[in-house]
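For reference, the structure is listed below as structure tokens.
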Amino acid sequence: MANTGVLPFVRGIDFTRNDFKDGRFPESVRLMTGVQWLKLDRTNLSQIPEELGKLLKIEHLSLIRNDLERLYGELTELTCLRTLNIRHNRVKTSGIPAELFRLEELTTLDLSHNNMKEVPEGLERARSLLVLNLSHNHIESIPNALFMHLTDLLFLDLSNNNLETLPPQTRRLANLQTLVLNCNPLGHFQLRQLPSLMNLETLHMRDTQRTLSNIPGNLDSLTNLTDLDLSLNALPKVPEALYALTNLRRLNLNDNEITELSQAIDQWQHLETLKLCRNKLTALPASLCKLMSLRRLYVNDNLLDFEGIPSGIGKLCSLEIFSAAHNQLEMIPEGLCRCGSLKKLILTANRLITLPDAIHLLTDLEALDLRDNPELVMPPKPTEVQKGSGVEFYNIDFSLQHQLRLAGANVPAQAPSSSASKDPIARKMRLRRGRRDQEEADQDQAKILKGMKDIAKDKNKQKTLEEVKAESLKPKRWDETLEKPPLDYSEFFDEVAGQFPGITIWEIENFLPNQIEEVAHGKFYEGDCYIVLKTAIDETGSLTWEIYFWIGEKATLDKRACAAIHAVNLRNYLGAQCRTIREEQSDESDEFLALFDTDITYIEGGRTSSGFFTVEDMTYAKRLYRVHAAGTSSIHLEPVPVAVSSLDPRYVFVLDTGLKIFMWYGKKSKNTFKSKARLMAEKINKNERKNKADIQTEMPGDESADFWRAFGDNDGLPPEEPITEHVDPDFAPAAPRLYQVRLGMGYLELPQVEVPHGKLANTLLNNRSVYILDCYLDVFVWFGKKSTRLVRAAAVKLSQELFTMIDRPPYAMVTRVQEGTENQIFKSKFMGWDEVIAVDFTRTAESVQKTGADLTKWARQQETKADLAALFTPRQPAMSLTEAQQLSEEWNEDLEAMEAFVLEGKKFVRLPDEELGHFYSKDCYVFLCRYWVPVDVPDDAAGEQEQEQMEDDFQCVVYFWQGREAGNMGWLTFTFSLQKKFKSLFGEKLEVVRTHQQQENLKFMAHFKRKFVIHQGKRKEQPPAGTIPPVEFYHLRSNGGALCTRLIQIKPDAALLNSACWFPWIGFQTLNEGEEPDNFFWVALGGRKPYDTDSNFMDYTRLFRCSNEKGYFTVSEKCSDFCQTWLNVADECESSQYGAVTDKQESLCGALYHLLLTNVPPLLKFFNDDLADDDIMILDNGEQVFLWLGARCSEVEIKLAYKSAQAERPRKLFLTLKNKESKRFTKCFHGWGIHKKPPE
């Protein structure tokens, strides 16, 4: 016995499903002298425990589903007993003492499902009874005296007995509301007392041998009757007396011999449920359509055909369920499909040939059962509802016809070979015109804007000086522009905080405010800090607040800071306008002292713990777990004694010693359990041991010495006796019981939480409560974050009492668990909480069908969104040379000046003019561009004012260019050096654009006038002394137009050449294919190799990106431009072996650009930097389709991308992984190089 002193304060406890047989009932229950309710359901009790005699205040006692035969014992002494439930036992009439019914407070008695043959002796003395249940016994008669005294009964259940009649005194039950007489042989009983029961609301007489002659005709006096059950009575028709019951809501006439219904059923205007199954009906009356409240209609197993259902049934606007299985229906009326509320339509086993077309209009239909109709042909769906193939892939229709329709056309429109219909030059010029050229078109807009300005000026004049807030014209600092994240103050304070007049006090514990009880107000610990809130109501009826935070002399720094912070949080939470007031110990203000009725009291020490982490030596309990299956995908860890005898070769065992976790795999254990147990150990190590634990795998016969030492063998030797099978193959873990700790004014309650479907879920845990999870060998106490200190303290004591009052083995233990820091063993008790194996949330038709779900209904509800339009839209036409030249001239015309800087060491220096246009992949560059911006100047403005305004209209754009191999240190250096300097000079007119290698925008490229060279390596990097300078091989391509021309250095390789293209040689000579000198050209490229002779693939190449980042699957084109030419340029450094390159290299390079751009169409803008690790890309070169998978792409995206890649037209599909791309894939990209590596 724990002897915590908390048991006398327990008001109620639920011991359901504990095993108390053979004298295991806890003796400590006798100490619960204040208990008022007690549940002992399913506890295997065979007699009343004598400890119950001490519970003199108990009012409600439940002993459902036990093995009780006698009630003699202590029950007769419970004078306060009001409810006694002995349902589902083996109690006999002789086992019930007559003294039990002398309890004056007894109002509810349930003796159903027992072995009584007659009414217990003395039951008529229980005059206070309101509820009496004697069903499912063997009672043959009711004594006359019983109903003479029990005149207050409200509920009487006598069903499933052997009663042939009822006493005449039944008419004295004037207050009776529910009477259940099912399954009794009352064939000779005329029910003449029935009309006297004026308050009767529910009457069940199923299988009571009712006929038309033994049903009284004056039932119209039962005006309150709403529920009537006359099923299983062989009635040939509905008794006429029933039509007078106008208030009926539920009527059950199943299993009779009714052949027709009267037209008088329209009197049941309140009827909601009508059951007529298993009768002989051939037709339903037309008056049925007048029951506007009817919601459920069951007519299964009758003789109904098409004409037997009234055509006006569509008027039943409230009808939700229509069940007509096992009839003779060839068709159903179309009106039935007009019932807008219909959710379930059951037509199983009929003779259906087809259904009305309107069946597809029942959009809210949840269940449509048409089984066993072999000749049924479903009507075609409307055209707008039809879907093509491919719905099984995440409910996305991948058919070509559907995707073309989504794209807006039936056939993809080919790009016109001639010039575009729109004049691009005219369009660009129109965009550049100012408002001065559009005065006539914008006259109305100008008037509206002027009117708005006038109104705003008038409002500003009406403002007082106090209302006008001066705004600084200076640009804000970076820290001033930061947006404060929204805080959820409900995590700290309750919803009712500050909503009622009075005083509320919180103490600071572990950085958070914790509300204290009212009895502790005015008592402050010297080592703690408090927040005090005074709420009042002013003269206008509004709430006002005063917020104080009190600082103790010996409070730690974290408590002091958190008290001030949370006082402000409380003010923000309430929306108060007051300020927070600091109060220090022994220096409190008079206003603060006036809050309390008595003088405040200081208490030495501190009540709450500090939030600072204190380093302590962790102690771990050594435990051994046996792994069992739990459900379909989880495992259960059963604690067993830490002994060699616990091992069994059929199971996996986990031995947890703290910093070492041993995994012992039995020879006959399943591989799935091995992997799941290993993953569980990994999670324990990561989440609970900070990755400091060592996980060791032990195989039978090859265990380490440390493993055997953990079992107590100091020498680390294996046991002499072999490990044998001893675990019961039918072993089942004890069912866990979840208790919720409830605390009131002077009492405690421990009810069990109702678990849906018997499966624990973490959603059952409320953060304002404390729970005790009893797993027999493990008792967990779970503390919610918002639970109060008193409830926590009470839960700890209750858990100790609960642990000791039930007989448990020595290796059982109690564990305290804090919300947010639950251990893995605790989580494994709950379904779906941190599963020990990775859960695949991929939904396929097969996985959904295994659950028994209706695929048609599932697909309709999901309505998965997808966007595949990019795959079916034609490529955009490339920018013409004329348009490119026009754009370049316009952007360079607006450019007043451009200054270039390059990072050298740790600072940026000016870039020499001769190096402009040359970039290195390991460097970072900064370009400061000043643009002239045209403005609108009124015609009547003075010339000087216009000139001054024009001088101020400019914009500065800073382009930060970062090479592919350059680190992020250059960006950080720019941010804290040049950017701050530029910001101070240009203020709000400054814009910073960060761009990466080969991702430059068109405007930036236009400033270099077709001279853009990207070298490998670092600027001014010299080869090691004594080594031959490396060969430089360049790839020239015009990407998407003349503006995007780049010369990029690549790996020297003759396989990259293409005979269908030009290969100019920079120098004094031009080399034609077949005339290359062997002495240096092929040697420089690593020898002659086969190369492509055709570049037609560039006419079709397109790159698509597949993504789920928008919440639905989308395919977008990375770049819509395409190319027809691929040019390579080889450039060799000065070397006596390979020949010399002249000093005119750069000027010739510029000339070469000019030569190429006047003859070459635009090319594809593809770079391998476009391929990200979390991407899936589709590359289509016209002949093959490549599916490129990033390292971090999801399984869902892979499946959808695979289906999308086959959607347009059948072609050969290749799978390509990162760093394993083939030449057919890489040749489509400009300057293919090594993939970027993420920073370590």
Just wondering, is there one or more residues in the range 711-722 that are in contact (Cβ under 8 Å) with a residue 60 or more places away in the chain and closer than 23 Å to F803 by Cα? no
Selection status of C1149, modelled with pLDDT under 70, outside the structural domain of H1230 (by the TED database) and surrounded by 15 or more Cβ atoms within 10 Å (Cβ to Cβ): yes
Could you identify the single residue in F20, F15, F9 that is in contact with a Gly (Cβ under 9 Å, 6 or more places away or on another chain) and either surrounded by fewer than 18 Cβ atoms within 10 Å (Cβ to Cβ) or closer than 25 Å to R742 by Cα (or both)? F9
Residue, farthest from the chain's Cα centre (by Cα), within the range 676-687, restricted to residues that are charged (D, E, K, R) and open to solvent by 50 Å² or more (accessible area, probe 1.4 Å): R678
All conditions in (1) in contact with a Cys (Cβ under 9 Å, 6 or more places away or on another chain); (2) in a loop (DSSP other than H, G, I, E, B) are true of F322 except (2)
Step by step: first the residues of the range 329-346, then only those that are open to solvent by 60 Å² or more (accessible area, probe 1.4 Å) and over 39 Å from the mean Cα position of the chain (by Cα), then the one that is modelled with the highest pLDDT. Which residue is that? E330
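Could you check the range 892-969 for strands (runs of 3 or more DSSP E) lying wholly inside it with 3 or more residues that are buried (at least 16 other Cβ atoms within 10 Å of the Cβ) and at pLDDT 90 or above?
Where strands (runs of 3 or more DSSP E) fall fully within the range 892-969 and carry at least 3 residues being buried (at least 16 other Cβ atoms within 10 Å of the Cβ) and at pLDDT 90 or above, they are 895-904, 918-920, 924-932, 954-962.
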From the list T763, T804, T788, which residue is open to solvent by 20 Å² or more (accessible area, probe 1.4 Å) and closer than 22 Å to A630 by Cα? T763
So is L56 surrounded by 19 or more Cβ atoms within 10 Å (Cβ to Cβ), touching a residue at least 12 places away in the same chain (Cβ under 8 Å) and not assigned by the TED database to the domain that holds M805 or not? no
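Pick out the one residue from A859, A812, A845, A853 that is farther than 23 Å from G744 by Cα and at pLDDT 90 or above.
A812
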Only listed residue being in contact with a helix residue (DSSP H, G or I) (Cβ under 7 Å, 6 or more places away or on another chain), within 30 Å of W506 (Cα to Cα) and surrounded by 19 or more Cβ atoms within 10 Å (Cβ to Cβ), chosen from V814, V779, V770: V770
Scan the range 347-375 for residues that are assigned to a loop (DSSP other than H, G, I, E, B), more than 14 Å from I321 (Cβ to Cβ) and open to solvent by less than 30 Å² (accessible area, probe 1.4 Å) and report the count. 6
Does the range 490-507 include one or more residues that are out of contact with any strand residue (DSSP E or B) (no Cβ under 8 Å at 6 or more places or on another chain), modelled with pLDDT under 85, in a loop (DSSP other than H, G, I, E, B) and among the hydrophobic types (A, V, I, L, M, F, W, C)? yes
Criterion (open to solvent by 60 Å² or more (accessible area, probe 1.4 Å), closer than 14 Å to E526 by Cα and among the charged types (D, E, K, R)) met by exactly one of E588, E584: E584
For V91, only one of the following conditions fails: (1) of a type outside the set (S, T, N, Q); (2) farther than 28 Å from L176 by Cβ; (3) open to solvent by less than 20 Å² (accessible area, probe 1.4 Å). What is its number? (2)
Matching residues in the range 987-1003 - criterion: being surrounded by fewer than 19 Cβ atoms within 10 Å (Cβ to Cβ) and touching a residue at least 40 places away in the same chain (Cβ under 8 Å): G987, E988, H996, Q999, L1002
So L153 fits all but one of (1) within 21 Å of L230 (Cα to Cα); (2) buried (at least 20 other Cβ atoms within 10 Å of the Cβ); what number is the exception? (1)
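Search the range 253-280 for residues being assigned to a loop (DSSP other than H, G, I, E, B) and of a type in the set (D, E), and hand back the single one that is most open to solvent (accessible area, probe 1.4 Å).
So in the range 253-280, the residues assigned to a loop (DSSP other than H, G, I, E, B) come out as 253-262, 268-272, 276-280.
This time we only want the ones that are of a type in the set (D, E), so: 255, 257, 260, 272.
On the way: D255: 47, E257: 87, E260: 123, E272: 45 Å².
The residue in question is E260.
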Would you check if there is a residue in the range 826-840 being within 30 Å of D778 (Cα to Cα), assigned to a helix (DSSP H, G or I) and at pLDDT 75 or above? yes
Answer yes or no as to whether F673 is among the aromatic types (F, W, Y) and under 28 Å from the mean Cα position of the chain (by Cα). yes
Being buried (at least 19 other Cβ atoms within 10 Å of the Cβ) and under 23 Å from V180 (Cβ atoms) is the requirement here; does L106 meet it? yes
Cross-chain or 6+ apart pairs with Cβ under 7 Å, the range 80-100 first and more than 11 Å from L61 (Cα to Cα), then small (G, A, S): R87/S112; A98/G122
Of (1) aliphatic (A, V, I, L, M); (2) buried (at least 21 other Cβ atoms within 10 Å of the Cβ); (3) more than 46 Å from the chain's Cα centre (by Cα), A286 satisfies every one except (2)
Of F101, F147, which residue is among the aromatic types (F, W, Y), in a helix (DSSP H, G or I) and touching a Gly at 6+ places or on another chain (Cβ under 9 Å)? F101
Tell me, please, whether a residue that is polar (S, T, N, Q) and either on the phi > 0 side of the Ramachandran plot or in the same structural domain as S787 (by the TED database) (or both) can be found in the range 508-526. yes
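The values are calculated or read from the model by the stated rules, or taken from the named source; none is laboratory data. It should be emphasised that the depicted structure is a prediction, and the values quoted were computed from it without experimental measurement. Quick reminder, even Gly has a Cβ in these numbers, built from the backbone with ideal geometry, and neighbours come from all protein chains shown. For accessibility, only protein heavy atoms count, side chains too; no ligands or nucleic acids. Shrake-Rupley method; radii C 1.70, N 1.55, O 1.52, S 1.80 Å.
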